Amino acid sequence: MSEIHSATGAHPEREPQGPPPPPPPGPIAQSVAIGFRTVYIAGLLLMILWLTSNVREIASDSQAIVLRFGRIVRTQEAGLLIAWPRPIEQVQMLPGPERQLTQEVAPLPAASEQSQGLIGPFGATQSIPQNASAYLTGDGNVVLLNATLFYRISDPVSYALSQSHVEAALNRLFRATTVRVTAARNLNDFLVVQTGTAAGGDQTVLALRGEVRSSLIQSMNARLHGLVDGGASLGVEIERIDMTAWLPPQAKSAFDAVLVATQAAERGVAVARTDAEHRRQEANRLHDQLLADAQATAQELVSGANVNTAGILALEHEETPETRSSLLLREYRVKVGDIMNHVGSATLVDSQGGTRVVLPGTPGK
């Protein structure tokens with residue numbers, strides 16, 4: 001063995017070695033590798049952000065509609081929403097079903113110079129707003145109405161499909177409904193123009209206003225339900241209507257004059273009623289006084305008559321057929337004595353004699 005190792009010239013403890021290791025990469029190669037890693041990480045992060053772009057939380061007063069390639073696939077109210085990223089699915093946010101939306105009813109432009117003159121110019125000194133419109137009442141008067149609608153979304157899918165038409169449709173529905181409601185009511189259901197109708201107080205006026213608003217709400221919701229039955233739902237429902245009424249400027253002065261005249265007449269009637277009541281009370285007082293005086297006088301006369309007849313009644317109780325002549329003679333003498341006491345002198349004339357007496361009489365008799 002020693003000969004073999006000597007012949008080959010190899011050291012008995014060394015092992016054979018492989019190819020040399022490759023040289024380390026240079027700065028350029030390292031930079032390129034770091035750049036690719038950065039691109040990979042950024043792409044991965046962007047991919048994660050893209051995949052989670054439609055993962056969001058829906059607030060309690062909102063709801064969402066998910067569209068997949070432009071077609072509505074589902075709706076979701078408050079909570080966590082998970083949807084495919086754009087452009088696969090799109091999320092459209094809408095107000096929640098309990099949230100009220102407001103819209104002021106826009107006025108129609110004046111159809112003629114006559115209607116424009118009826119409404120009159122809206123100046124800064126006038127309290128009539130720009131969106132007030134004229135409506136004809138059932139008693140032939142004109143009232144200007146300004147309204148604000150409060151509604152909520154009842155069907156988010158229908159609302160999303162017709163969202164661009166909701167405002168114009170609500171304006172038309174309100175006008176059509178108001179024309180019917182005002183035509184069935186009088187002007188005093190919207191404004192107090194006659195004091196006699198307001199005799200019930202503020203509660204009656206508020207009840208009339210509330211009844212008018214309730215009629216408008218019910219009629220508008222009935223029309224909206226009709227659209228649902230016809231397949232053209234707007235997806236909304238009216239909750240409240242705030243409405244203010246005015247008189248046309250040309251009619252306001254006339255109604256003010258009538259109101260002033262009515263108030264003056266009512267004041268005159270009130271004064272006349274007060275005076276009549278005073279007269280009635282005074283007449284009742286005089287009646288009671290005269291009645292009391294008459295009763296007192298009658299009582300006094302009755303008492304005097306009782307006193308005057310007391311003697312006669314006594315004689316009546318004492319009278320008998322035997323004593324009648326003597327009683328009458330006695331009373332005659334008593335009375336004649338009283339009469340003679342009041343007479344200063346008396347002349348007696350014999351009726352059978354020839355002496356005649358001429359007594360003075362009353363002129364003309």
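Here, each number is a calculation from the coordinates, and none is a lab measurement. Everything numeric here is computed off the predicted structure, so don't read it as measured data. Glycine also receives a Cβ, built like all others from the backbone with ideal geometry; neighbour counts cover every protein chain displayed.
Structure notes:
- Of every Cα-Cα pair in the stretch 198-290, the percent that sits beyond 17 Å: 74
- For E104, nonlocal amide neighbours, meaning residues 5 or more places apart or on other chains whose placed amide H falls under 5 Å from its own, are L149.
- For R213, neighbours were defined as the other residues whose beta-carbon sits under 14 Å from its Cβ, and their charges (Lys and Arg +1, Asp and Glu -1) total -1.
- Label-to-label distance for A283 and A254 is 4.2 nm, based on points extended 7 Å past Cα in the beta-carbon direction.
- Ordering of 237-245, 19-27, 183-191 by burial proxy (mean other Cβ atoms within 10 Å per residue, highest first): 183-191, 237-245, 19-27
- Each peptide in 78-86, 155-163 receives the mean, over its residues, of other Cβ atoms within 10 Å, and ordering these scores from highest gives 155-163, 78-86.
- When each of the peptides 169-180, 59-70, 327-338 is scored by the mean number of other C-beta atoms lying within 10 Å of its residues, the order from highest to lowest reads 169-180, 59-70, 327-338.
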